[in-house]
1. Which condition number does residue 144 fail, the rest of (1) touching a residue at least 60 places away in the same chain (Cβ under 8 Å); (2) within 23 Å of residue 225 (Cβ to Cβ) being met?
2. If you go through the stretch 71-94, how many residues are of a type outside the set (Val, Ile, Thr) and assigned to a loop (DSSP other than H, G, I, E, B)?
3. Looking at (1) at pLDDT 95 or above; (2) surrounded by fewer than 18 Cβ atoms within 10 Å (Cβ to Cβ); (3) not in a helix (DSSP H, G or I), can you tell me which one residue 1 breaks?
4. Which residues, counting only those in the stretch 160-198, are more than 30 Å from residue 61 (Cα to Cα) and among the basic types (Lys, Arg)?
5. For the stretch 31-53, name all the residues that are at pLDDT 95 or above, out of contact with any strand residue (DSSP E or B) (no Cβ under 8 Å at 6 or more places or on another chain) and either farther than 29 Å from residue 14 by Cα or not hydrophobic (A, V, I, L, M, F, W, C) (or both).
6. Sort out which residues of the stretch 195-210 are among the aliphatic types (A, V, I, L, M), in contact (Cβ under 8 Å) with a residue 24 or more places away in the chain and outside any strand (DSSP E or B), and write them in order of number.
7. Which condition from (1) closer than 14 Å to residue 264 by Cβ; (2) among the small types (Gly, Ala, Ser); (3) touching a strand residue (DSSP E or B) at 6+ places or on another chain (Cβ under 6 Å) is the one that residue 22 breaks?
8. Filter the stretch 228-252 down to the residues that are in contact (Cβ under 8 Å) with a residue 40 or more places away in the chain and among the charged types (D, E, K, R), then identify the one that is surrounded by the fewest Cβ atoms within 10 Å (Cβ to Cβ).
Amino acid sequence: MVDLTCRLAGMTLRNPILTASGPFGSGPEYEDLVDLERLGAVVVKGLTLHERPGNPPPRTVETPSGMLNAIGLQNPGARAFIADKLPYLRRFDVPVIVNLNASRVEEFGELAALFEAAEGVAALEVNISCPNVKHGGMAFSADPSLAAEATATVRRETGKPLIVKLSPNVTDLGALARAVEAAGADAVSAINTLLGMSIDIERRRPVLANVTGGLSGPAVRPVAVRCVWECYRAVGLPLIGMGGVSSGRDAVEMMLAGAAAVAVGTANFIRPRATLEVLEQLTAWLTAHQVRTLNSLVGAAHGVPNPRSAYHLE
């Protein structure tokens, strides 16, 4: 028997397969297709302090081996989510991780305080790819000091496990990871989408109304694996690997690079049961290769594990 138990940021999950924030909505969208209680955790669609209508359409476009999206963080707002969506999720025996988005560092603190008091929230994931209006629209992830400030602000307001979601659109991912680790993060998610665009050659105009969008899907997986590898070497925090994961073999690759858990995102649009398929394929691979614990897989491709990591080769 394979022990799929996953230790992540102080939480003990039944397995390492999570939903990535966004494609899985808030859970009810997949209720008839996916048994939520078979998942390691549900990470809900990104939330802001107040309701956001999102960007005008067109907001998505298919690309080779992936897609671009510029949804614009459409969501009902944190308080409406707590009142209307969270009671549904509390019916299930599965940890709920809330993804926080803000344009000011103070908003991150307000969001953290709201969800610290909310029943049924297991952990917080901070999206530092958001533009910081106090710094000319520069994303918090563009400067390690800004990322650290956002992380520290959330840390002061909550005792829940704090996960920081990193952007690949930076020059030094290791420095960014070290900054949020020093500021109080308990785990790191890698990666968010890559910035891209698509042009309609007949109209000679950008396809997306927002011009640019986030690239996701299998096309980004090699970048995501590289980023997880770099983060494993840079920090001692547990990592959640994501970006183009659509099979059990993809999950194994992420874990060998250093991920303790793996999130499935865009694949849910193609195969609504993708999360469970990845879990089943991962279990089959572990059984076939006689891997008894996940710890023996995490970071194994490095040869020698990060001595600061909580995960060591067995």
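The values are calculated or read from the model by the stated rules, or taken from the named source; none is laboratory data. Treat the numbers as computed from the prediction; the structure is a model and nothing was measured. Quick reminder, even Gly has a Cβ in these numbers, built from the backbone with ideal geometry, and neighbours come from all protein chains shown.
1. (1)
2. Pass one, the stretch 71-94, residues of a type outside the set (Val, Ile, Thr): 72-81, 83-93.
Adding the requirement that they be assigned to a loop (DSSP other than H, G, I, E, B) leaves 72-74, 76-77, 90-93.
Residues that pass the stated criteria total 9.
3. Status for residue 1: all satisfied but (1).
4. Once the filter is applied, which keeps residues that are more than 30 Å from residue 61 (Cα to Cα) and among the basic types (Lys, Arg), the stretch 160-198 yields 160, 178.
5. Scanning the stretch 31-53 gives 35, 37, 38, 49, 50, 53.
6. Taking the stretch 195-210 first, the residues among the aliphatic types (A, V, I, L, M) are 195, 197, 199, 201, 207-209.
This time we only want the ones that are in contact (Cβ under 8 Å) with a residue 24 or more places away in the chain, so: 195, 197, 207-209.
Passing the criteria: 207, 208, 209.
7. Unmet condition: (3).
8. 233
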